[in-house]
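The structure under discussion appears below in the form of structure tokens.
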Amino acid sequence: MRKKVSPIPFPVRVPFVESLGIGLHAYSEGHAELRVDLDEGHHNAWDVAHGGVVMTLLDVSMAMAARSATGHAGGVATIEMKTSFLRPAEHQLRAVGKVLHKTSTLVFCEGSLFDDQGQLCAMATGTFKALRGLPARGRIATQTPTQTPTQAPIGAPAATPEDNPP
């Protein structure tokens, strides 16, 4: 398992993301940037980034951007994602997620994946459902300056077990 410390701590622990060695390098209102140094375990049969790694980077970068735009109180779930692969991705990869539009329950995002030469390798769009809270299960989110992870956004009802099924 790859263990890499992110320059910025992820607001919630996701073991799958940790296992890939993905680091969070920027996280602000409506924006997130992730990076990963590829190794053989990330490769497909042609020794370039596996499509699943590329899609994970795009998905997580957009999800983090969406989460940053929802007040950090709950989480988000991907409900739709479209990916376009433009060229093989190699070496160190950088994924940038950006919020395009948000409603009270949905966040629409775009993601771009670049190689270490700054070439655009893949793009994605995604729609994310804002959740009122996340089940803890040992992965408690870190506190943000304005809210704790268990708080619902102002004016929103508290989360119920039906909001976040197992």
**Q.** Any hit, region 89-100, residues being polar (S, T, N, Q), farther than 27 Å from GLY133 by Cα and surrounded by fewer than 19 Cβ atoms within 10 Å (Cβ to Cβ)
**A.** yes
Q. Hey, THR56 hits all of (1) closer than 15 Å to PHE128 by Cα; (2) touching a residue at least 60 places away in the same chain (Cβ under 8 Å) but one; which does it fall short on?
A. (2)
(Q) Every residue in region 9-35 that is within 13 Å of the chain's Cα centre (by Cα), under 20 Å from VAL99 (Cβ atoms) and either charged (D, E, K, R) or assigned to a strand (DSSP E or B) (or both), please. (A) LEU24, HIS25, ALA26, TYR27, SER28, HIS31, ALA32, GLU33, LEU34, ARG35
**Q.** Where a residue in region 13-24 is without any contact (Cβ under 8 Å) to a residue 60 or more places away in the chain and its partner, wherever it lies, is among the polar types (S, T, N, Q), with Cβ under 6 Å and at least six apart
**A.** GLY23/SER6; LEU24/SER6
**Q.** Complete set of residues in region 27-42 that are without any contact (Cβ under 8 Å) to a residue 60 or more places away in the chain and either over 22 Å from MET81 (Cα atoms) or surrounded by 17 or more Cβ atoms within 10 Å (Cβ to Cβ) (or both)
**A.** TYR27, VAL36, ASP37, LEU38, ASP39, GLU40, GLY41, HIS42
**Q.** Total residues in region 36-64, condition among the hydrophobic types (A, V, I, L, M, F, W, C) and not in a helix (DSSP H, G or I)
**A.** 6
Q | Residue check for GLU110: over 18 Å from LEU34 (Cβ atoms) and modelled with pLDDT of 80 or more | A | no
Q) Quick one: would you say ARG67 is buried (at least 19 other Cβ atoms within 10 Å of the Cβ), in contact with an Asp or Glu (Cβ under 7 Å, 6 or more places away or on another chain) and not in a loop (DSSP other than H, G, I, E, B)? A) no
Q: Out of the residues in region 43-58 that are within 13 Å of the chain's Cα centre (by Cα) and among the β-branched types (Val, Ile, Thr), state the one that is surrounded by the fewest Cβ atoms within 10 Å (Cβ to Cβ).
A: THR56
Q: Working only within region 10-28, note down all residues that are touching a strand residue (DSSP E or B) at 6+ places or on another chain (Cβ under 7 Å) and not hydroxyl-bearing (Ser, Thr, Tyr).
A: PHE10, VAL12, LEU20, GLY21, ILE22, GLY23, LEU24, HIS25, ALA26
Q: Considering only region 34-77, state which residues are more than 18 Å from GLU18 (Cβ to Cβ) and of a type outside the set (A, V, I, L, M).
A: GLU40, HIS43, ASN44, TRP46, ASP47, GLY51, SER68, THR70, GLY71, HIS72, GLY74
Q: For region 113-146, enumerate the residues that are closer than 22 Å to GLU33 by Cα and modelled with pLDDT under 60.
A: ARG139, ILE140, ALA141, THR142, GLN143, THR144, PRO145, THR146
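The values are calculated or read from the model by the stated rules, or taken from the named source; none is laboratory data. Just so it is clear, the model here is predicted, and its values are computed rather than measured. Glycine also receives a Cβ, built like all others from the backbone with ideal geometry; neighbour counts cover every protein chain displayed.
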